[in-house]
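The values are calculated or read from the model by the stated rules, or taken from the named source; none is laboratory data. These numbers were taken from a predicted model, which means no experiment stands behind them. Backbone-built Cβ (ideal geometry, glycine too); neighbour counts: all protein chains shown.
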Amino acid sequence: MLEIDVNEPKEAAQLISTTDIPYMVSSLNVDRWADYRWKDSAGRWTNVERKTWSEILANVDAVEDQLRRHMHNQPDARLIFILEGFVDVDSKGTYPLKQRKNVWVRSGYRSGTRISRVYSWLYNASSYLEVFQTGNFGLTMQFIAQAYKQDQKTPDQHKTFNRYYKKATFSPNPQVSQLIGLMSGLGEVRAESLIAKFTTVWNVLSAQPEELMQVHGIGEKMATTMLQRIGRRDV
């Protein structure tokens, strides 16, 4: 049974209802649990807390305090933290991005919190809990649905890792890592070249196909496909 906190968006239950996952909406936060919870095949609880970039930029210390309380109140539960959305940065601050007519744009909120502080916090937090990032609420629910299904399997049923294991791609530049995560199949080399030319993910997503084609390895088809994948209807 997947439990959803009553304060989560109503779309959570609507999206889960389209799957074969049994679910219920309850007052998890009141009972000192996170936003979602379920038991795995061995009977261990998984506790999931969801936050947006706007929330974490507004008060990362408050988010940390909340996660600490979860660990204290449910010390035997597996704790997952999901950070939802994307951001852009410039010399003036950090800007959460939002989708408007299927295009990523800056929201009206600008945070003075340095992105380096958040990335440092996320890295340190990963020593105590599991940290994942999703692009939007719909993708968050897809992640939760798949995590729930995987947890219902017994250890001998988990064969995906052995079938599909391949070397992971990692870049120390967070803009490159973010672009790789957003554009599946792009690859580290081309992502690094794009960020080297355009500086930020925001600038890449805002560029025209002919501008992207100035980067080695980016042809017309790839440039157009990249922008169409994020909802650009003007290309």
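Inspection of segment 86-108 identifies no residue that is touching a Phe, Trp or Tyr at 6+ places or on another chain (Cβ under 8 Å), at pLDDT 95 or above and either assigned by TED's automatic domain parsing to the domain that holds Pro174 or among the acidic types (Asp, Glu) (or both). What about Leu28, is it assigned to a loop (DSSP other than H, G, I, E, B), hydrophobic (A, V, I, L, M, F, W, C) and either touching a Phe, Trp or Tyr at 6+ places or on another chain (Cβ under 9 Å) or in the same structural domain as Asp151 (by TED's automatic domain parsing) (or both)? For Leu28, the condition - assigned to a loop (DSSP other than H, G, I, E, B), hydrophobic (A, V, I, L, M, F, W, C) and either touching a Phe, Trp or Tyr at 6+ places or on another chain (Cβ under 9 Å) or in the same structural domain as Asp151 (by TED's automatic domain parsing) (or both) - is met. Looking only at residues of segment 34-60 that are under 16 Å from Leu129 (Cα atoms) and free of Cβ contacts under 8 Å to residues at least 60 places away in the same chain, we find that the one that is farthest from the chain's Cα centre (by Cα) is Arg44. Does segment 65-83 contain at least one residue that is among the small types (Gly, Ala, Ser) and either outside any helix (DSSP H, G or I) or touching a helix residue (DSSP H, G or I) at 6+ places or on another chain (Cβ under 7 Å) (or both)? Checked against the condition, which is being among the small types (Gly, Ala, Ser) and either outside any helix (DSSP H, G or I) or touching a helix residue (DSSP H, G or I) at 6+ places or on another chain (Cβ under 7 Å) (or both), segment 65-83 yields at least one hit.
Against the test of being assigned to a helix (DSSP H, G or I) and hydroxyl-bearing (Ser, Thr, Tyr), the options Ser41, Ser54 yield a single qualifying residue, Ser54.
Scanning segment 207-225 for any residue that is in contact (Cβ under 8 Å) with a residue 40 or more places away in the chain and either aromatic (Phe, Trp, Tyr) or not in a helix (DSSP H, G or I) (or both) turns up nothing. Among the residues of segment 226-235, the ones that are surrounded by fewer than 17 Cβ atoms within 10 Å (Cβ to Cβ), in contact (Cβ under 8 Å) with a residue 12 or more places away in the chain and not hydrophobic (A, V, I, L, M, F, W, C) come to 3 in all.
Are any residues in segment 84-103 outside any loop (DSSP other than H, G, I, E, B), in contact (Cβ under 8 Å) with a residue 24 or more places away in the chain and out of contact with any strand residue (DSSP E or B) (no Cβ under 9 Å at 6 or more places or on another chain), and if so, which ones? Selection gives Asp90, Val103.
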